[in-house]
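Just so it is clear, none of the values below were taken in a lab; they were calculated from the coordinates. Only a predicted model underlies this, so the values are computations on that prediction, with no experimental measurement involved. Reconstructed Cβ throughout: ideal geometry from the backbone, glycine too, with neighbour counts over all protein chains shown.
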Amino acid sequence: MNQKKIYSLLGFAARSKKLSFGKERIRGYLRSDRKKKLVVISKDASDRLKMDLKIRASENVVLIEDFTKKELGKLLGKSEISAVAIEDDSIIEGIIKSIKE
């Protein structure tokens, strides 16, 4: 997994406003009709949040458990973020490709 490239792609998604964060927004994202879905969950998120997102995610959702809350928060100009959903198919493809590297 190319962590630097994934972080860079997440930064690009944040600058282009192609990220969702917040429990209810991510739940809505997981229920949406999107073909490709990818959620990044921080390593230090609560076990309850991790389990909630994993239960709600269908087979076509890629879940990545990486980075810390502070690292994800830094991308969005917040102090800490526990999870983000990517809303751009080309960025999702780039991240999936980086995972396989």
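Checking the conditions here, which among K5, K97, K74, K54 is in a helix (DSSP H, G or I), charged (D, E, K, R) and touching a Leu at 6+ places or on another chain (Cβ under 7 Å)? First the steps, then the outcome.
Details: K5 fails: touching a Leu at 6+ places or on another chain (Cβ under 7 Å); K97 fails: touching a Leu at 6+ places or on another chain (Cβ under 7 Å); K74 fails: touching a Leu at 6+ places or on another chain (Cβ under 7 Å).
The conditions single out K54.
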## Note on the structure
Only one of (1) over 23 Å from N2 (Cβ atoms); (2) of a type in the set (G, A, S); (3) more than 14 Å from the chain's Cα centre (by Cα) does not apply to G22, and that is (3)
